[in-house]
Amino acid sequence: MADLAISPQEMQEVRPNLVQGNPSYHDLTEEISSITENLKATPMRWYVTTSITGAITGMLGLMLAWLVYNGIGVWGNNSPVFWAWDITNFVFWIGIGHAGTLISAILFLLRQKWRTSINRSAEAMTLFAVMCAGIFPLFHTGRPWRAYWLFPIPNTDLSLWQNFRSPLIWDVFAVSTYFTVSLLFWFVGLVPDLATLRDRAVDKVRQYVFGILALGWRGSVRHWRHYELAYLILAGLSTPLVLSVHTIVSFDFATSVMPGWHTTIFPPYFVAGAIFSGFAMVMTLLLIARWTLHLENLITIKHLENMNKIILATGSIVGYAYCTEFFIAWYSGNMYEKFAFMNRAFGPYSWAYWTMFTCNVFIPQIYWSKWARRNLIVMFIISITTNIGMWFERFVIIVTSLHRDYLPSSWGYFHPTYVDMCTLAGTFGLFLTAFLLFARFLPMIALSEVKGVLADQKHRAHAVAEVAGD
Amino acid sequence: MTNSNLYGAVGSFEDGPELVEAARAVRELGYTKLDAFTPFPVHGIDEAMGIPRSKLGWIVLCAGFLGAASALSLIWWTGTVSYPLVIGGKPLFALEFSIPVTFELTVLFSAFAAVFGMFALNGLPRLYHPVFNYTKFAGATDDKFLLAIEATDPKFDAEQSARLLATLGAHSVQLVEA
């Protein structure tokens with residue numbers, strides 16, 4: 001048997017530990033909880049960054065108030081481009097959210113243990129991204145105080161019901177279900193960690209707040225068995241849910257008769273793009289959090305490299321979809337389709353098209369190199385270019401199809417206004433503020449799950465040592 | 001101290017496998033009312049303590065069917081009974097255009113059932129529990145693995161049960177008040 005045995009060192013090379021530095025369970029509790037507990041230890045740069053992003057969020061409030069006061073005319077969308085900046089932003093933010101659910105649900109079902117260090121922050125990111133996404137269609141309606149008309153609530157001021165044949169109403173159901181289920185999933189994951197914070201709390205306020213939020217969780221074995229099953233079921237439900245959300249978002253386009261939109265490739269192409277951009281956003285946030293909060297032992301290069309592999313895979317799927325669209329436009333023999341695609345690549349918006357193509361298809365190819373996948377600076381830059389590219393993808397799809405519709409007399413060119421731009425910037429402010437507050441006040445790493453991974457790791461090391469000792 | 005005002009005897013272990021061994025030993029001695037408190041799910045403990053599988057799946061399945069039925073009846077009733085309105089020459093009701101909303105509501109109802117069903121089966125929220133009187137309880141959400149023999153167990157004897165936990169290797173064994 002001796003020739004089959006491998007030493008612990010060899011084991012590390014084949015399969016590096018997901019938790020580095022060999023901490024005890026208590027070290028983990030200490031490391032993660034102390035970030036949320038010690039006000040004085042909060043770095044100055046947290047206060048500075050949060051004030052800046054908070055101010056940008058304030059600007060978002062002003063822009064939305066200005067829109068409500070004046071009407072939709074303060075935005076640049078006008079005939080023929082009625083869906084412009086705001087729907088681009090809506091699809092962009094919804095897509096960002098998808099990586100969070102992918103990490104928490106799909107990787108859980110696939111038993112990818114490396115997800116445990118990043119799932120909590122990815123799920124939080126999903127929630128904040130969906131909030132940002134919701135702002136755009138809500139205010140695009142022009143009368144956001146009538147938003148309850150979107151839901152089948154019996155009321156006297158509107159004696160009609162919703163039109164369930166319309167993909168726009170499907171979208172309302174998909175996005176609101178997605179937000180609710182993501183919130184439940186996130187909260188269920190948090191409960192055991194909230195109990196940890198409760199039991200560590202020394203001042204009355206924290207004892208009360210976490211005492212109530214933890215719902216009296218006591219980690220009983222009888223509770224864990226229901227808990228683990230509930231978590232598994234939620235993962236099983238979220239997996240088809242996340243695929244359905246971007247599928248339904250793509251139906252908003254695909255069920256129309258616009259050239260460049262009316263295509264069956266949209267659902268898979270949108271889902272792949274969503275995961276691509278979402279992973280890039282998780283990467284941006286994690287690299288910043290890892291650097292500012294010193295989480296190198298928990299968010300290891302192995303975690304980051306795995307994410308970069310997913311970015312490479314989904315980026316290539318997106319590139320393949322771009323080429324397929326072109327091929328089908330030519331192969332269909334439909335002159336409107338052919339025109340729409342030639343116009344995308346070589347028309348007035350060719351600058352946007354080639355920005356998209358470069359950022360999404362060419363740049364991520366550098367990840368074929370292992371050096372690039374493990375280089376922090378490279379991955380930070382690519383995480384940002386990817387999101388620039390994915391924003392332009394939605395812009396290209398929406399604006400280029402609309403600005404040259406079937407009636408040449410109405411052709412036009414879309415110009416965003418300062419309100420458009422400041423609203424988009426404002427949602428970034430909201431997203432980052434929410435994330436910074438989350439990172440400061442709640443455990444950013446799923447403690448109970450990482451402890452489970454650590455326990456496996458300890459027992460595996462034990463088993464390897466025993467075999468090697470024989 | 002009589003048994004009536006006791007919750008039970010509680011001791012703490014350093015790691016999961018030790019807890020599983022101890023729980024198995026205590027059960028083999030004929031104790032039935034055991035509980036354990038751990039910072040993360042410890043595998044093998046359910047079987048060692050003889051805890052059956054969770055019934056949560058059935059609750060979620062029923063909720064899922066309810067969600068699908070609600071969505072279909074909503075779309076059918078609003079479109080054909082309450083306010084029939086022909087749009088684009090399409091039928092008042094058809095399964096095809098009902099699928100997306102039906103799917104979403106199935107997921108929504110199931111997720112609510114999974115979460116609230118889980119809390120209900122666990123008897124949560126319940127902000128107070130006698131085991132919180134164990135002075136080292138904070139360890140159960142940090143790095144300790146607690147085993148409790150409850151006072152309601154017919155074999156429970158304050159002194160003997162506490163000694164049993166100590167001989168199995170438990171630290172800080174205490175008799176905890178109800």
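The values are calculated or read from the model by the stated rules, or taken from the named source; none is laboratory data. Because the structure is predicted, anything quoted here is derived from the model rather than measured. Cβ sites come from the backbone with ideal geometry, for glycine too, and all protein chains shown count toward neighbours.
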Tell me yes or no: at least one residue of the range A:153-163 is surrounded by fewer than 20 Cβ atoms within 10 Å (Cβ to Cβ), in contact with a Ser or Thr (Cβ under 7 Å, 6 or more places away or on another chain) and not β-branched (Val, Ile, Thr). yes
With A:ALA230, A:ALA195, A:ALA174 as the choices, which residue is at the interface with chain B (Cβ under 7 Å from one of its Cβ atoms), part of a helix (DSSP H, G or I), closer than 22 Å to A:VAL450 by Cβ and touching a residue at least 40 places away in the same chain (Cβ under 8 Å)? A:ALA230
Is there a residue in the range B:50-59 that is in contact with a Phe, Trp or Tyr (Cβ under 6 Å, 6 or more places away or on another chain) and either free of Cβ contacts under 8 Å to residues at least 24 places away in the same chain or within 9 Å of chain A (Cβ to nearest Cβ) (or both)? no
Among the helices (runs of 4 or more DSSP H) lying completely within the range A:358-448, list those that include at least 2 residues that are closer than 30 Å to A:TRP66 by Cβ. A:376-395, A:418-441
Pick from A:ALA41, A:ALA65, A:ALA55: which is exposed (fewer than 15 other Cβ atoms within 10 Å of the Cβ), closer than 30 Å to A:VAL205 by Cα, modelled with pLDDT of 90 or more and out of contact with any strand residue (DSSP E or B) (no Cβ under 9 Å at 6 or more places or on another chain)? A:ALA55
Take A:PHE139 and tell me if it is more than 8 Å from chain B (Cβ to nearest Cβ), under 27 Å from the mean Cα position of the chain (by Cα), free of Cβ contacts under 8 Å to residues at least 60 places away in the same chain and assigned to a helix (DSSP H, G or I). no
For B:SER12: the one exception among (1) under 22 Å from B:ASP143 (Cα atoms); (2) in contact (Cβ under 8 Å) with a residue 24 or more places away in the chain; (3) at the interface with chain A (Cβ under 10 Å from one of its Cβ atoms): (3)
Residues satisfying the stated conditions in the range B:68-87, i.e. more than 7 Å from every other protein chain (Cβ to nearest Cβ) and among the small types (Gly, Ala, Ser): B:ALA68, B:ALA69, B:SER70, B:ALA71, B:SER73
Exactly one of these conditions fails for A:LEU243: (1) facing chain B (nearest Cβ under 9 Å); (2) over 30 Å from B:LYS33 (Cβ atoms). Give me its number. (1)
Looking at this structure, is A:VAL249 β-branched (Val, Ile, Thr), part of a helix (DSSP H, G or I) and either away from chain B (no Cβ under 12 Å) or touching a His at 6+ places or on another chain (Cβ under 8 Å) (or both)? no
What about A:GLY219, is it facing chain B (nearest Cβ under 7 Å) and either within 25 Å of A:THR116 (Cβ to Cβ) or surrounded by fewer than 18 Cβ atoms within 10 Å (Cβ to Cβ) (or both)? yes
Applying the selection to the range B:112-139, what residues are among the polar types (S, T, N, Q) and more than 8 Å from chain A (Cβ to nearest Cβ)? B:ASN133, B:THR135
